[in-house]
Amino acid sequence: MNTVLKVLVVLAGLFFVVMGLRWAVDPAGAAATLGMPLLEGAARSSQMADIGVFFLAGGLFIFTAVITARRSWYHVPALIMFGAAIYRLIAWLFHDAAFVVDGIAVEVIVGSLLLFAGARLARD
Amino acid sequence: MNRVGVWRFVALALALLAGPRLAAATPPNIVLVLADDLGFSDLAPYGSEIDTPTLGALAREGIRFTNYHTAASCAPTRGMLLTGVDSHRNGVPNIPETISPQQQEHANYRGTLGHNVVTVASLLQDAGYHTYMAGKWHLGQTPDLLPFRRGFERTVTMADSGADNWEQKAYIPIYPRANWYADGERTTLPGDFYSSRFLVDKMIEFIDANAADGRPFFAYLPFQAVHIPVQAPAAFRDKYQGVYDAGWTELRKQRLARARELGIVPPDAGMVTMSTTGDWASYSPEMQRYHARRMEVYAGMVDAMDHHLGRLVEHLKRIGRYQDTVFIFTSDNGSEASGGDDVRSLGMRLALRLNDYSNDYDTLGEQGSFNSIGPSFASAAAGPLAFYKFYAGEGGMRVPLIMAGAPLLLERQQTDAFAYVTDITPTILALADVSAPPGRYGGRPVEPMVGRSLLPLLRAESDRVYGPDEPIGYELAGNAALFLGDYKLVRNRPPVGDDQWHLYNIVTDPGETRDLAGQMPQRFERMQALYEQYAVDNGVLPVSPDYDQASQGVYNALKERFTPQILLLVLTFLVLLPFWLFYRYRRA
């Protein structure tokens with residue numbers, strides 16, 4: 001059970017690292033994956049930096065959690081996931097954004113997985 | 001109204017007051033039609049069994065060139081066609097997809113139309129013409145290189161080397177998508193798209209939009225037909241059921257016989273059998289049926305192109321613009337042999353499947369199918385000539401050229417005078433009474449045109465375009481030629497060529513069957529020296545001895561398409577390596 005859980009967490013981490021790095025080498029492709037255009041000028045700078053680092057940091061936190069087996073490291077990326085889901089809801093409720101149910105579902109599932117993994121796999 | 005506008009108004013008023021005399025001097029409309037990969041004998045007026053009534057009528061009313069040459073590949077032809085400047089000087093000595101990285105460092109080897117040349121469209125637009133384009137461009141797709149910025153007032157254009165004919169879909173995986181543009185902006189194709197119909201519809205729309213103002217127009221119509229994937233509507237492809245059951249060798253013989261009858265080639269013209277031509281009899285009846293179907297679809301695609309071109313001709317007649325229009329029809333190079341004759345192999349089918357295509361017999365030519373005719377039928381399509389697309393043999397370079405229209409004031413119906421692709425722009429300019437730029441255009445220096453107007457030849461004021469001692473050089477990816485009078489020096493690289501120079505008299509022997517190098521050593525040596533001079537004068541860069549156009553294309557495509565993925569893989573590995581090392585350290 002713990003091995004399966006660890007594999008799932010590592011896969012999630014890998015996805016986030018790849019996605020984060022993709023913003024550095026293929027920003028147009030990365031943007032298209034998330035359903036957005038690649039912006040121009042200063043907007044592109046912020047788009048690449050903020051979204052790219054969001055994913056990369058999330059992935060690196062997950063790997064840090066797996067390596068150190070400390071619960072707090074699992075909580076950090078979980079917080080990021082739930083935070084993203086909450087911001088999606090705010091965007092939908094108050095700012096005319098689309099209700100992206102797929103994105104919210106992924107973030108809640110991965111966040112919950114990380115919390116669960118923290119409880120099961122952490123040694124502190 | 002600005003000053004130019006005032007003068008145009010005054011000129012128009014004077015023309016109307018002057019009546020028929022001045023009106024007759026009004027520049028003609030020009031429709032320049034370019035087929036893609038159409039072989040020398042693929043049209044009925046050149047010996048084909050394919051039904052091409054529109055082009056047949058234009059050939060009957062106009063003039064057929066039997067010794068017209070173009071580059072043996074797409075973009076170099078298009079660059080020379082639209083500028084009258086040699087491909088090594090206009091930036092397009094090869095298609096960009098297959099230029100080696102070393103050559104790409106040179107300014108004239110980018111494979112995109114340089115800003116050191118001016119297009120015939122720009123010059124005609126300056127002279128008051130409406131300039132329209134509907135079709136394939138393949139001369140660059142950054143905003144400054146699209147036709148909308150190269151002299152065309154209205155455009156709908158596909159910027160790649162080819163694309164699907166039924167939908168907006170890349171035909172090979174080097175392109176992430178089919179890149180279509182309308183008036184310089186990305187565009188999407190309609191759901192009922194079929195390339196030849198769509199392009200003619202758009203051209204009619206462009207012409208009609210400005211028909212009321214009476215200004216002449218230049219309409220450039222480069223069809224996708226008959227580039228791979230070879231696709232055609234059922235009504236057209238089914239017309240040819242059974243026509244090719246006797247195979248490619250028989251078809252090539254038939255084309256030769258018909259070309260002889262028509263006087264397209266001399267009565268005693270011979271032909272060689274290409275090393276890439278398969279033995280028809282060695283194929284199973286099932287495979288013979290399959291290969292015949294490939295050619296039926298091809299014939300249907302040529303037929304469909306002719307049909308839709310016919311709609312444009314009829315439309316011009318209906319709106320009263322036919323009589324003052326000149327039609328120029330040609331092909332960008334000889335027939336296309338790629339695809340091979342082993343197209344039903346598992347590997348080929350899997351490769352097509354990965355690109356969301358199939359080449360099943362039952363659906364060949366339909367949407368979702370990928371068809372080609374392969375080297376054996378390509379030799380028949382180029383028949384009776386040797387070689388085909390990419391090669392400097394006559395089958396790669398000699399293509400149909402038909403010119404028609406009352407404003408030409410023709411005095412001939414057929415000519416075997418040598419003519420070259422760079423002659424088209426000077427001919428159009430002469431028709432429109434527009435001068436070529438004298439060394440500068442738009443404040444910058446431009447390359448001079450090297451082509452010549454064909455009008456004196458058409459009007460029987462001369463018998464040749466180039467004198468017997470005026471050389472025309474050519475090179476593309478190491479395949480090279482030099483034309484001098486009736487003779488041609490030619491070198492074709494492997495895998496189909498032997499990389500040796502040969503000498504032919506292409507007027508008496510268009511099939512390149514008798515090498516005269518041994519019989520005419522002085523001419524052979526002189527022409528080699530002239531070729532070397534051409535190469536120096538035009539900055540021809542040699543290809544490396546191991547250069548292979550197909551392999552280079554694959555390499556460039558992988559580099560272009562997959563560099564981000566490879567980089568991503570390497571970066572991911574580097575980022576995760578410390579975690580893995582730390583993990584191993586902890587476990588140890």
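The values are calculated or read from the model by the stated rules, or taken from the named source; none is laboratory data. Bear in mind the structure is a predicted one, so any value in this text is a computation, not a measurement. So basically every Cβ, Gly included, is an ideal-geometry build from the backbone, and we count neighbours across all protein chains shown. Calculation scope for accessible area: heavy atoms of the full protein, side chains included, ligands and nucleic acids excluded. Shrake-Rupley method; radii C 1.70, N 1.55, O 1.52, S 1.80 Å.
Considering B:Glu314, B:Glu336, B:Glu394, the condition of being closer than 20 Å to B:Ile264 by Cα, of a type in the set (Asp, Glu) and not assigned by TED's automatic domain parsing to the domain that holds B:Leu489 is satisfied by B:Glu394 alone. Among the residues of the stretch B:515-536, write down those that are assigned to a helix (DSSP H, G or I), of a type in the set (D, E, K, R) and either closer than 20 Å to B:Arg493 by Cβ or touching a residue at least 60 places away in the same chain (Cβ under 8 Å) (or both). Selection gives B:Glu532 alone. A single entry from A:Ala97, A:Ala49 fulfils the requirement of being assigned to a helix (DSSP H, G or I) and farther than 30 Å from B:Tyr585 by Cα: A:Ala49. The selection criterion, being more than 13 Å from B:Tyr220 (Cα to Cα), without any contact (Cβ under 8 Å) to a residue 60 or more places away in the chain and either of a type outside the set (S, T, N, Q) or surrounded by 23 or more Cβ atoms within 10 Å (Cβ to Cβ) (or both), holds for B:Leu189.
When the stretch B:392-434 is filtered for residues that are among the acidic types (Asp, Glu), closer than 22 Å to B:Phe40 by Cβ and not in a helix (DSSP H, G or I), only B:Asp416 remains.
Might you let me know whether the stretch B:91-99 holds any residue that is over 28 Å from B:Val226 (Cβ atoms), assigned by TED's automatic domain parsing to the domain that holds B:Ala392 and polar (S, T, N, Q)? No: zero hits. For A:Ala117, the test of being touching a residue at least 60 places away in the same chain (Cβ under 8 Å) and either within 14 Å of chain B (Cβ to nearest Cβ) or in contact with a helix residue (DSSP H, G or I) (Cβ under 6 Å, 6 or more places away or on another chain) (or both) is passed.
Of the residues making up the stretch A:26-46, those that are touching a Pro at 6+ places or on another chain (Cβ under 7 Å) and more than 12 Å from chain B (Cβ to nearest Cβ) are A:Ala31, A:Leu38. Contact annotation: residue pairs with Cβ atoms under 8 Å, 6 or more positions apart or on different chains, pairing a residue in the stretch B:314-325 that is surrounded by fewer than 17 Cβ atoms within 10 Å (Cβ to Cβ) with a partner that is modelled with pLDDT under 95, are B:Ile319/B:Ala211.
Only one of these is of a type outside the set (A, V, I, L, M) and farther than 30 Å from B:Leu431 by Cα: B:Pro216, B:Pro190, B:Pro222, B:Pro147. Name it. Let's see the steps before the verdict.
Numbers: B:Pro216 fails: farther than 30 Å from B:Leu431 by Cα; B:Pro222 fails: farther than 30 Å from B:Leu431 by Cα; B:Pro147 fails: farther than 30 Å from B:Leu431 by Cα.
Going through B:Pro216, B:Pro190, B:Pro222, B:Pro147 in turn, just one is of a type outside the set (A, V, I, L, M) and farther than 30 Å from B:Leu431 by Cα: B:Pro190.
Number of residues in the stretch B:535-588 that are within 14 Å of chain A (Cβ to nearest Cβ) and of a type outside the set (D, E, K, R) equals 24.
So, B:Asp208, is that one in contact (Cβ under 8 Å) with a residue 12 or more places away in the chain and either open to solvent by 50 Å² or more (accessible area, probe 1.4 Å) or outside the structural domain of B:Tyr555 (by TED's automatic domain parsing) (or both) or not? Give the steps one after another, and end with the answer.
On the way: in contact (Cβ under 8 Å) with a residue 12 or more places away in the chain: yes; either open to solvent by 50 Å² or more (accessible area, probe 1.4 Å) or outside the structural domain of B:Tyr555 (by TED's automatic domain parsing) (or both): yes.
Criteria met by B:Asp208.
When A:Gly103 is tested against (1) under 22 Å from B:Trp580 (Cβ atoms); (2) open to solvent by less than 40 Å² (accessible area, probe 1.4 Å), exactly one condition is not met: (1).
Select the helices (runs of 4 or more DSSP H) contained entirely in the stretch B:70-173, then report the ones holding at least 2 residues which are under 18 Å from the mean Cα position of the chain (by Cα).
Once the helices (runs of 4 or more DSSP H) in the stretch B:70-173 are filtered for at least 2 residues that are under 18 Å from the mean Cα position of the chain (by Cα), what remains is B:74-83, B:87-90, B:120-126.
Please enumerate the residues belonging to the stretch A:47-59 that are more than 10 Å from chain B (Cβ to nearest Cβ) and either of a type in the set (A, V, I, L, M, F, W, C) or open to solvent by less than 30 Å² (accessible area, probe 1.4 Å) (or both). If the condition is that a residue be more than 10 Å from chain B (Cβ to nearest Cβ) and either of a type in the set (A, V, I, L, M, F, W, C) or open to solvent by less than 30 Å² (accessible area, probe 1.4 Å) (or both), then A:Gln47, A:Met48, A:Ala49, A:Ile51, A:Gly52, A:Val53, A:Phe54, A:Phe55, A:Ala57, A:Gly58 are the ones that fit. Of the listed requirements (1) open to solvent by 10 Å² or more (accessible area, probe 1.4 Å); (2) modelled with pLDDT of 95 or more, B:Pro437 misses just one: (2).
Taking the stretch B:326-337 as the region of interest, how many residues are in contact with an Asp or Glu (Cβ under 8 Å, 6 or more places away or on another chain) and open to solvent by less than 10 Å² (accessible area, probe 1.4 Å)? Explain how you work it out, then say what you get.
Of the stretch B:326-337, the ones in contact with an Asp or Glu (Cβ under 8 Å, 6 or more places away or on another chain) are B:331-336.
Adding the requirement that they be open to solvent by less than 10 Å² (accessible area, probe 1.4 Å) leaves B:331-335.
Total satisfying the criteria: 5.
Checking every residue in the stretch B:459-467 against the condition of being within 24 Å of the chain's Cα centre (by Cα), farther than 30 Å from B:Thr54 by Cα and surrounded by fewer than 21 Cβ atoms within 10 Å (Cβ to Cβ) gives at least one match. Of the residues making up the stretch A:1-25, those that are open to solvent by 40 Å² or more (accessible area, probe 1.4 Å) and within 13 Å of chain B (Cβ to nearest Cβ) are A:Lys6, A:Val10, A:Leu11, A:Leu14, A:Phe15, A:Val18, A:Arg22, A:Ala24.
Give B:Pro437, B:Pro495 a once-over and let me know the one that is assigned to a loop (DSSP other than H, G, I, E, B) and under 23 Å from the mean Cα position of the chain (by Cα).
Every option except B:Pro495 fails the conditions.
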